[in-house]
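Working notes, structure below.
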Amino acid sequence: MGKSSINYQAHFEGAIARLRAESRYRVFANLERDAARFPTALWRPDGSANEPREVTIWCSNDYLGMGGHEVVRAAAKEAIERHGVGAGGTRNISGTHHPIVQLEEELANLHGKDAALVFTSGWISNLASLSTIAELLPDCLILSDALNHNSMIEGIRRSGCEKKLWRHNDVEHLEELLIAAGPDRAKLIAFESLYSMDGDIAPVAKIVELARKYNALTYVDEVHAVGMYGDHGGGICEREGLMDSIDIIEGTLAKGFGGLGGYIAANAAIIDAVRSYAPSFIFTTSLPPAVVAGARAAVRHLKESSIERARHQHMAVLTKHALRAAGLPIMHNVSHIVPLMVGDAELCKAASDLLLTRHDIYIQPINYPTVDIGTERLRITPTPRHTEEHVAELVEALVDVWKTLGLTFIEPKVIPLRPLRPIVDESDVDAQCGYVEIKKAAE
């Protein structure tokens, strides 16, 4: 046989070069989170051997700072002392340890469901659950919101079922597709409660109404809402009194609850079916007891405490209004997500780099394929542990970056501010707020 002419290395190098040419090559900052001082972290600019610099994180998905909460850390430490650091295997063999059973009971209770099932990540929980549920239904049609997360898309693809996209949050289009499917076909409506890039919220009540009318199952991804919304942290569906009307609720332990893992909550038959049929559940090593115990402590704490949620909403409102007052172009929404629009991949990366190197502020650029080309942005996520001083520093730094790069400002606004109760919609802001003067830094 002749020698192969394939240059394997060149193919990989070419793939990376294309990403660099499109300003989509991702660079990971070498950061050390500080549990006691979050959102402060240590950044090592050129590797672990160099002297670190203190930076402020403004893009963490640990939305409530629960990853460093004393109750969570204490539970994890105790679990390590009692059970060690590993799970012992897959759930099917030796990894169904008592702490994970307790966590599943806690999550089922949180969402008012018969049962829950924990996975190694939120990505895997969507992949495993959507693919298995749809595959088990006869001739299932999956109706997927056009902006669903990659994990949902992959789960739907893995199912092998027919899929139709409905325009984002467009319930009229969804109804058209439901009517066309007919009353006798199995149908699964898959959507997110809160979309993490734009920060908009799904019309859950209307979706539930259509599902009942046309005999469809509902599957909602609440990963960016659990812990932060609802009286007990059950998410948008709890806040709107609709948890009982949703068939399958999927969530994460890695954002509002500050840990690692994903889960679904549903009736006992659905949970048992996924547990019994999903390969990505059956053949995956279980989460270790320490991670699970920490997550359970976070869930239990946030069921009882509303302090973190109230402060979180306050800081989100304060941050948005301070940025608007400075003429910075944030996207309007009614959630805790603060998308600051740039609209160019290269400039978005340059803005992120300047914030880090000049101002010790860490915000990763969000580029394609996470968002569409031309909608690149900095995604800012305030937490309860950010302060008013942090906000002032952020605004000053962003104004400097915007001027340095020649980015576009918008008409500054004077900001209403007051409140330590959750914001339900934008009209609620003015009702809650007094006025605070913020210098028109863009001028």
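The values are calculated or read from the model by the stated rules, or taken from the named source; none is laboratory data. None of the values given here were measured: they were computed from a predicted structure. Cβ placement follows ideal geometry from the backbone for every residue including glycine, while neighbour counts extend to all protein chains displayed. To get the accessible areas, we keep the full protein, side chains included, count just its heavy atoms, and leave off ligands, DNA and RNA. Shrake-Rupley method; radii C 1.70, N 1.55, O 1.52, S 1.80 Å.
Before moving on, here are some points about what is shown:
- Ligands, DNA and RNA left out, the accessible area of the chain computed with a 1.4 Å probe is 52% carbon and sulfur.
- Inter-label distance for residue 396 and residue 77, nm, one decimal - labels placed 7 Å from Cα along Cα-to-Cβ: 3.6
- Label of the coordinate-derived value, Cα extents along the principal axes in Å, listed as (i) 77, 63, 37; (ii) 65, 47, 42; (iii) 72, 62, 52: (iii)
- Unsatisfied cross-links (Cα-Cα over 18 Å) in the set 164/187; 187/213; 113/303; 255/320; 163/187; 113/164: 255/320; 113/164
- Heavy atoms of the protein chains alone define the surface here; on that basis the chain has 45 Å² accessible area per residue at 1.4 Å probe size.
- Difference of contour (0.36 nm per residue) and Cα-Cα distance, residue 165 to residue 373: 72.9 nm
- DSSP loop trypsin sites (Lys or Arg not before Pro) with at most 16 other Cβ within 10 Å: longest gap in the chain: 168-412
- As a length-normalised measure over Cα pairs under 8 Å and 6 or more apart, the relative contact order of the range 1-143 settles at 9 percent.
- Simple label model, 7 Å out from Cα along Cβ direction - residue 12 to residue 410, nm: 4.4
- Unit charges at the beta carbon, dipole of the chain: most positive-side option, 333, 199, 86: 86
- Where 135, 106, 240 fall by accessible area, highest first, once all protein chains stay in place (1.4 Å): 135, 240, 106
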